[in-house]
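Below you'll find the structure, written out as structure tokens, and then a few comments.
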Amino acid sequence: MRDLMDIRETILAREKANLSSLAACAADTCGREIPEPEDNIRTVYMRDRDRIIHSKAFRRLKHKTQVFISPGSDHYRTRLTHTLEVNQIAKTIGRALNLNLDLIEAIALAHDVGHTPFAHCGEEVLNMRMQEGFKHNENSLRVLKRIEAHGNRRGLNLTREVLDGVLNHSGFSASGKALTLEGQIIRFADKIAYVQHDIDDTIRAGLLEEKDLPAKYTDVLGHSLSDRLTTLVEDLVQEGLALSLGPGREKPKLSFSQPVHEALTGLRAFLFKEVYTGDVCQKERERASFVVDFLFSHYLKHPEKMPDFYQQIAVLEGRERGVADYISGMTDNFCVALYRDLTMPRSFIG
Ligand code: MG
């Protein structure tokens, strides 16, 4: 039997020797909040990725909305398939720039675990109902640090680089905010993925045709899903290849080229107007918001009806927080089933 103890050391040495000077090598991690003994084989980022995949919050992404609420076909994106597309796009960019793919994968798979049922309309309801507001990226951090369990304690105890990448994945300003290039890439890969796949799903739903997209943007980005993805990925790679460490060895900020940034921002604004807040989505959003709002009021009034864990949070951190943690973790399906159970006479629930 071979002693496995030196495998991780070999992987760490290989990262140092082969990755770009801009990469976040696992050997240089800022570490975990609570120090842990090292694994024989896996680096810290490989372990983080595995903890995320094994989490319940990750599995629930399969029944959380991306844009279309409970669409009548299996071919629409869900929050889980969105996450996988972000991971794939980010890894292509990361591979081209010779960055740390384990860190990229860990952040990509974790970035949306804090999303509410019914996507942004659930988020808006919780944001209105919570005194301190509610943002899905901050909630992803909370899920990873407070709600999910690892071993016999709460929190997955992930590395600072993964948590930083998750917290800084949202927002649409021009340049990346995360401390690592790997984290910055997730922010761009998220936008590349959702703008393009939401267009694709909207076309699938018959609400839009390719020719309806404003030519001033598609002339820059491309006239098909595949062409646009290629343009966006290649643009970011070109910009990334031109970057270097600052004089104090600080990590540079990544961004799209100006024309590509403007075209993607314009296309996103078009989607907001025509799709996200358009008539068809809006009616379903109002219904979904009503359900989330109803459940929030119900559990605020009856915290004793929540599972023990969320009751404890309500006692320790306030009732609103406990209710928000319980509701934000729900899948769309669970949310609707609960609503029906609470509001319909038993004989009507088939
Ligand atoms: Mg996302």
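The values are calculated or read from the model by the stated rules, or taken from the named source; none is laboratory data. Here the structure is a predicted model, which means the values were calculated and not measured. Heads up, the Cβs are rebuilt from the backbone with ideal geometry, glycines too, and the neighbour counts pull from every protein chain shown. When the accessible area is computed, the model is the full protein with side chains, heavy atoms only, and any ligands, DNA or RNA have been set aside. Shrake-Rupley method; radii C 1.70, N 1.55, O 1.52, S 1.80 Å.
Data table
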read-out	value
Distance between modelled label sites at K273 and K62, nm, 7 Å Cα→Cβ extension	3.9 nm
Convex hull of the chain built on C-alpha atoms - directionally averaged projected area, nm²	20.8 nm²
For the stretch 84-157 and the stretch 24-82, distance of Cα centres in Å	8 Å
GNM top mover of H223, H63, H75 - the chain, alpha-carbon springs below 10 Å	H75
With all protein chains modelled, accessible area of T78 [1.4 Å, Å²]	40 Å²
Cα gyration tensor shape of the stretch 65-171, rounded if a/c is under 1.5, else prolate or oblate by comparing a/b with b/c	oblate
Global form of the stretch 200-296, assessed from the alpha-carbon gyration tensor, a/c cut-off 1.5	oblate
Distance violations [Cα-Cα > 27 Å] among K62/K135; K16/K145; K16/K135; K64/K216; K91/K283	K16/K145; K16/K135; K64/K216; K91/K283
Tensor-based shape of the stretch 295-348 (alpha-carbon gyration tensor, a/c under 1.5 rounded, otherwise prolate or oblate)	prolate
Residue of S226, S21, S255 that the Gaussian network model of the chain assigns the largest fluctuation, springs spanning Cα pairs under 10 Å	S226
Residue of S170, S55, S297 that the Gaussian network model of the chain assigns the largest fluctuation, springs spanning Cα pairs under 10 Å	S297
Over the chain, relative contact order from alpha-carbon pairs under 8 Å, at least 6 apart, %	18 percent
In nm, spacing of pseudo-spin labels at D6 and V280 (7 Å Cα→C-beta vector)	6.1 nm
Gap separating the Cα centres of the stretch 207-262 and the stretch 311-350, nearest whole Å	41 Å
Rounded FRET efficiency, nearest 0.05, which uses the C-beta distance separating V315 from R95 and R0 of 51 Å	0.60
Under the Debye formula (equal points on every Cα, no solvent term), log10 I(q)/I(0) of the stretch 189-249 at q = 0.26 Å⁻¹	-1.12
The chain - percent of accessible surface contributed by carbon and sulfur, probe 1.4 Å	53 percent
222 nm mean residue ellipticity, helices alone, for the chain (DSSP H n ≥ 4; -39,500 (n - 2.57); rounded to 500)	-17500 deg cm²/dmol
